[in-house]
Every structure is written in C-alpha cells, then in structure tokens.
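The values are calculated or read from the model by the stated rules, or taken from the named source; none is laboratory data. Everything quoted here is computed from the prediction, not taken from an experiment. Please note: Cβ atoms are built from the backbone with ideal geometry, for glycine as well, and neighbour counts cover all protein chains shown.
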Amino acid sequence: MIRRRRKNRFVVDASVVRAAGSSEHPTSSACRSLLFRIRSVCHHVVLTPELKEEWDRHESQVSQQWRASMRSLRKVDDLNPATEDALRDLITSRMGLANERQQMQKDLRLIEAALEADLIVVSLDNRARTAFANLARYSKVLCSVKWINPVDDRERLTAWLEGRATADRDWRLDRQA
C-alpha cells in the first residue's frame, strides 16, 4: 500500500539555507537535499518577517534559487506568528546560563512560527534543540514541536519526506531531553 503524502509546512532555520551550497561536503549536501525534497514533494516552507530577514543575510546562492522557485510554485507560506509571552517568561525564569537564555530567545522565533504551522523546525543547531528540549519539561506547548537536524537525521527525514515512513517520535522536543 502506498501512503498518501501529507503536505507539511516546515520552519527552516537560516543555518540550513546558509549551509545548502553546491559543495559535496556532507552538511551542504544534506541541507541541499532537504530543500530540494521539500520542493519536489508537496511540502511548503514557512517564512516570517524575522526569518526572511535572516535568510536574506545568510542564504547561499543555491538557497536563493530554491526560494525563488518555491515562491513561483506558491509553496512559501508567509506568517506573522503571535508572540509566545509565556515561553519568553519561562526562558527567563527557568534557564540558568545567560548564553543559553540568549540563544533560546534568539531562536524562539522558530518555535513561534512552528506553533502556527505544523510544529516542525529544521535546524543544524543542536545546542538550541537541547535547550528547548530541557525547557519542554516545563511547557506542554513545546512537547509536540519536532526539531529535526537534516544532517544527523538525514535517512529518516528523507524517508518521511517521500512518504515512505512516519515522522520519528524522537524528533519531538519532549523526547530529546
């Protein structure tokens, strides 16, 4: 039985669009492969004003061309997500190290966008993933967010994007702490 592919809306961090170059380096190749699979299947990408600004500063030439093609295919969903004040307060009150708090406050925009899309963040930043996973113990809203690293999770991610597998439960933030 062939599974019907479900359209997902991905929040893609600037770390991925920066790394997705034309090189055959494993990181570049994995990020480029992810972007092309998102485009070739029925998936969409989410952009907020903050993410767009960061992409504009950091994206590779390959990513620029990919984004233009995604726009022409109407596969870019522009969002203006609500600010998650409760999460901001939780970061301030629960997280011990100042640099960890600062990192999470910077990357909270990814979580906020994911909460209004399909709860999927794709990022190379494992430190931020770990910090948010630790915070998920105190926030039910974070528990269902999937944080996927396109290099570390390449094979499982490819199978899922192509409809050959279900989403890996281990990608959820409440499973990574």
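How many residues, within segment 123-177, are assigned to a loop (DSSP other than H, G, I, E, B) and within 12 Å of residue 104 (Cβ to Cβ)?
The qualifying residues number 2.
Got a sec? Which of 16, 11, 46 is within 25 Å of residue 106 (Cα to Cα), in contact (Cβ under 8 Å) with a residue 40 or more places away in the chain, part of a helix (DSSP H, G or I) and of a type outside the set (Lys, Arg)?
Exactly one of 16, 11, 46 is within 25 Å of residue 106 (Cα to Cα), in contact (Cβ under 8 Å) with a residue 40 or more places away in the chain, part of a helix (DSSP H, G or I) and of a type outside the set (Lys, Arg), namely 16.
Suppose the filter is crowded, with 17+ Cβ neighbours inside 10 Å, at pLDDT 90 or above and out of contact with any helix residue (DSSP H, G or I) (no Cβ under 6 Å at 6 or more places or on another chain); does residue 43 pass it?
So residue 43 passes the test.
So is residue 83 assigned to a loop (DSSP other than H, G, I, E, B) and either in contact with a His (Cβ under 9 Å, 6 or more places away or on another chain) or surrounded by fewer than 19 Cβ atoms within 10 Å (Cβ to Cβ) (or both) or not?
When the stated conditions are applied, residue 83 passes them.
Pick out the one residue from 119, 135 that is in contact with a Lys or Arg (Cβ under 7 Å, 6 or more places away or on another chain), of a type outside the set (Asp, Glu), crowded, with 20+ Cβ neighbours inside 10 Å and within 23 Å of residue 166 (Cβ to Cβ).
Sole residue among the options that is in contact with a Lys or Arg (Cβ under 7 Å, 6 or more places away or on another chain), of a type outside the set (Asp, Glu), crowded, with 20+ Cβ neighbours inside 10 Å and within 23 Å of residue 166 (Cβ to Cβ): 119.
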